[in-house]
1. What lysines could a cross-link reach from K207, if we take a straight Cα to Cα line under 24 Å and drop same-chain neighbours fewer than 8 places away?
2. Please compute P(r) over all alpha-carbon pairs of the range 49-192, binned at 5 Å starting from zero, and give each bin as a whole-number percent.
3. Which of A65, A143, A170 moves most in a GNM of the chain, Cα contacts under 10 Å?
4. How would you rank 122-134, 92-104, 171-183, highest first, on the average number of other Cβ atoms within 10 Å across their residues?
5. Assuming R0 = 45 Å, can you tell me the calculated FRET efficiency for the pair R267 and R165, based on Cβ-Cβ distance, to the nearest 0.05?
6. Taking 41 Å as R0, compute the FRET efficiency from the Cβ-Cβ separation of Q173 and A65 and round it to 0.05.
7. Counting only C-alpha contacts under 8 Å and six or more residues apart, can you give the relative contact order of the chain as a whole percent?
8. Classify the range 134-187: rounded, prolate or oblate, from the alpha-carbon gyration tensor (a ≥ b ≥ c, eigenvalue square roots; a/c under 1.5 rounded; otherwise prolate if a/b is larger than b/c)?
Amino acid sequence: MVQLLNAIAPARGAALAAIALCLLTAPGRAQERPDDWHIVVLGIAQDGGIPQLGCERPLCQDVRAGRRKAEKVSSLGLLNRRTGDAYVFDATPDLPTQLQTLTGGRLPRGVFLTHAHIGHYTGLMFFGRESVNASNVPVFATARMGAFLGANGPWSQLVAIGNIRLTTMAYDQTTALDGGVRVTPFQVPHRDEFSDTVGYRIEGPRKSAIFIPDIDRWETWNRRIRALADAADYAFLDGTFASPAEINRPIEEIPHPMMSRTRELLRGSRAALWFIHINNSNAEIDAADAAKEGMTFPM
Ligand SMILES: [Zn+2]
Ligand SMILES: [Zn+2]
């Protein structure tokens, strides 16, 4: 039954798209309109989510007491509102509800992974036999990330039985997707225990964005974040911590740029700065430049 639904869902999507095309597209007009593509913020929390397991901080208590909403793990969706085509950046443990928001629960056209920390790839499990038993969902990953998935269960089963189809990306090589969208990964410094780590430049027909949910330090990078931001319209950047006093471990063990430092570097930049990947300890989670789930940005 699951497989049958899988077979039907794309066909229904195509039919709806065809109807939409008839309604919306005048004869002779280009089929892809620039305002069809949008980025959708699917989650803003650091890997552990909010409330995090065992977290006794006021933020977590507020969620448990119903005084504020829970936050899903950091992810961006890229959606063509007319055709329904969708891509996701990172596969989080909240993937099913995030795809419910983005596509109504249909499978995405592709998944772009940043690295092998739990908030960024473990959502792949929902493509497997115990869930949708998907067929060849395209998963874009670096060579090291792909090798990790292929060599370690349970991810290796997804590869072996074809639930996902790995496409290896090289740093700074652009992948052109249908509909005039281009995606380019670039390496960033991070705690690379199981994989390397990338950020993305995402180019739509009109606008462009950069997405760097996890990075150790702007200063230890061989590139300048300001230059990347000045060449983009939106910058979704690591907002894990606002202050080194937030955590009870030395900040050197889990390095991230402080939000104030990132703001300083991007002041006056062309790109609008939006913090994402916010930790449950971060008192600036409600700051004006903190991304909120459900925000959309024309691409
Ligand atoms: Zn992370
Ligand atoms: Zn990480």
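Only the coordinates and a few stated rules stand behind these numbers; no lab work does. Because the structure is predicted, anything quoted here is derived from the model rather than measured. Quick reminder, even Gly has a Cβ in these numbers, built from the backbone with ideal geometry, and neighbours come from all protein chains shown.
1. K292
2. For the range 49-192, the pair-distance distribution reads 2, 9, 17, 20, 19, 15, 9, 6, 3, 0.
3. The residue that fluctuates most here is A65.
4. Values: 122-134: 18.2, 92-104: 19.8, 171-183: 15.0.
Taking the mean over residues of other Cβ atoms within 10 Å, the ranking is 92-104, 122-134, 171-183.
5. Working: r = 42 Å, r/R0 = 0.94.
So, using R0 = 45 Å, E works out to roughly 0.60.
6. Values: r = 48 Å, r/R0 = 1.17.
Computed FRET efficiency for Q173 and A65 comes out at 0.30.
7. Details: 622 pairs, mean separation 54.3, N = 299.
Relative contact order comes out at 18 percent.
8. Taking the square roots of the gyration eigenvalues as a ≥ b ≥ c, the range 134-187 is oblate.
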